[in-house]
Amino acid sequence: MLMDDKDRILLTILEDDSNIPVRNLSEMADLSEEEVATRIRILEEQGVIRKYRAVVDWEQAGEPEVAAIIELKVSPERDFGYDKIAERIARFSQVRSIRLISGVYDLQVMVVGSNIHEITSFVAEQIAPMDHIRETATILIMKTYKENGHTFFERGGGDRLPISL
């Protein structure tokens, strides 16, 4: 896949707001609407654009969910490393993301549930007993201030931050 600066501009704009009309995208990227539609279709077909998604404030919607980060120490599988265990964990509906990380732990898993009990049961009954999992650490997310570049709080009175010396 050979991308040019126009593709990068489109991707940056869409990553921030995938709901922007093609008409506006064409103006922002200085391309015709047809060129924008063609480029987006190609980027989708090639798997560069994987999905469009809404960022939802579930608390504001009246259905708050509990989220946690689970850090895992894993014994890598012969010939597969961390990939097979990550694929198994990714199949659970509670899992929102899974990453290979550096540091003390090997994998970082973001999970959601309707309450703390659901999260702890998931870790204890589904994750911890899995082959190749050596240790887990669960970190409860108490409040989300920013998700995928979008803030979840409103600051009153202008955009200026207070400065003290």
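In this structure, is Glu63 part of a helix (DSSP H, G or I) and not polar (S, T, N, Q)? So Glu63 does not fit the description; no. The residues of segment 84-97 that are in a strand (DSSP E or B) and among the hydrophobic types (A, V, I, L, M, F, W, C) amount to a single one, Val95.
Restricting attention to segment 67-83 and to residues that are of a type outside the set (Gly, Ala, Ser) and assigned to a strand (DSSP E or B), the residue that is nearest to Lys143 (Cα to Cα) turns out to be Ile69. When you scan segment 115-129, do you find a residue that is at pLDDT 85 or above, among the aromatic types (Phe, Trp, Tyr) and in a helix (DSSP H, G or I), even just one? Yes.
The values are calculated or read from the model by the stated rules, or taken from the named source; none is laboratory data. Note that the structure is predicted; figures quoted are calculated from it, not measured.
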